[in-house]
1. Classify the range 123-246 as rounded, prolate or oblate from the Cα gyration tensor: take a ≥ b ≥ c as the square roots of its eigenvalues, call it rounded if a/c is under 1.5, otherwise prolate when a/b beats b/c and oblate if not.
2. Whenever you get a sec, compute what percent of the accessible area on the chain sits on carbon and sulfur atoms (1.4 Å probe).
3. Can you list the HN-Hα couplings for the range 86-96, worked out from phi with the Karplus curve (6.51, -1.76, 1.60; θ = phi - 60°), rounded to whole Hz and with x for Gly and Pro?
4. For the range 5-225, what is the percent of antiparallel DSSP beta bridges, rounded to the nearest 5?
5. Of all the Cα-Cα pairs you can form in the range 29-183, what percent are over 23 Å apart?
6. So, in nm, how far is label residue 206 from label residue 70 when the simple model puts each one 7 Å beyond its Cα toward the Cβ?
7. Residues of the chain: accessible area per residue at 1.4 Å, in Å²?
8. What is the range 1-85 by shape, rounded, prolate or oblate, if you read a ≥ b ≥ c off the alpha carbon gyration tensor as root eigenvalues and call it rounded for a/c under 1.5, prolate for a/b larger than b/c, and oblate otherwise?
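The values are calculated or read from the model by the stated rules, or taken from the named source; none is laboratory data. Computed from a prediction, not measured in an experiment: that's the story for all the values here. In this analysis, Cβ positions are derived from the backbone assuming ideal geometry, glycine residues included, and neighbour counts consider all displayed protein chains. All accessible areas refer to the heavy atoms of the entire protein, side chains included, with ligands and DNA or RNA removed. Shrake-Rupley method; radii C 1.70, N 1.55, O 1.52, S 1.80 Å.
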Amino acid sequence: MLATAEEVGRRAARVVLEELEAGRLAALGVATGSSPARVYEELAAAGARWEGVEVFALDEYVGLPPGHPESYAAVVDRQVRAPLGLDPRRVHVPDGGAADLDAAGAAYERALAERGGVDVQLLGIGATGHIGFNEPGSSFTSRTRVVELADRTVADNARFFDRPEDVPRRALTQGVATIGTARRHVLLAQGAAKAGAVRAALEGEVSTDCPASALRTFDDVLVLLDPAAASLLDQRTTGRPRPVPA
Ligand code: F6R
């Protein structure tokens with residue numbers, strides 16, 4: 001647990017930069033949404049050299065018009081590619097607009113495999129316990145595929161759209177097993193709305209009821225939480241007493 005949400009972003013950026021400086025970052029896995037926004041600002045501010053680094057997004061909505069500003073292709077372009085000065089050919093997002101989405105999922109798996117998988121995967125967690133868009137019930141052996149978003153996820157993501165009915169209800173997402181192939185994982189969670197999912201992921205059963213609990217089966221996972229996101233954890237997990245509510 002870290003003292004502030006800002007510190008969560010800074011620490012995650014430090015992990016990425018250390019891997020980059022050590023020459024171990026051939027591919028960076030990026031999440032979209034609010035959780036990693038600070039990380040991308042920190043990475044841009046670091047003025048590092050990113051030539052040769054491939055970037056892979058976790059997921060993309062299905063059903064948005066091409067070029068929609070809230071498509072994850074557009075978000076990754078705005079928040080990651082442009083600030084880091086990356087070659088667009090090195091930035092990969094699942095093709096949620098493909099006519100054949102199964103083929104697009106398989107093509108994404110091939111692209112990941114051809115580049116040797118992701119070195120550092122940044123992850124947020126949904127209030128449902130999703131990672132990527134793997135909602136409860138997603139198999140731990142799942143690969144990139146089309147999924148239905150949970151009602152809670154659609155409601156949570158409505159903040160990015162003009163009208164709630166504009167939020168897509170499907171997505172093309174890396175599977176739990178796909179995410180598990182990354183060499184290192186950094187999960188970020190900030191805010192009380194994530195506290196229940198964080199507790200389920202870290203202290204509940206390892207089960208498809210909480211896809212983020214699969215992190216406990218991965219090799220190298222760093223979980224960065226602010227006090228609100230950590231507020232329902234047992235102190236044996238955080239090493240600190242639970243913050244007392246004001
Ligand atoms: C986004 C993604 C999702 C988000 C999660 C948290 O690419 O895969 O798992 O990380 O929904 O979203 P925020 O950070 O907006 O709370």
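1. It is oblate, given that a/c is not under 1.5 and a/b is not larger than b/c.
2. 49
3. 3J(HN,Hα) across the range 86-96, in whole Hz: 7, 5, x, 5, 9, 10, 10, 9, x, 8, x.
4. DSSP beta bridges in the range 5-225 are roughly 35 percent antiparallel.
5. 32
6. Going from the residue 206 label point to the residue 70 one covers 3.6 nm.
7. 45
8. oblate
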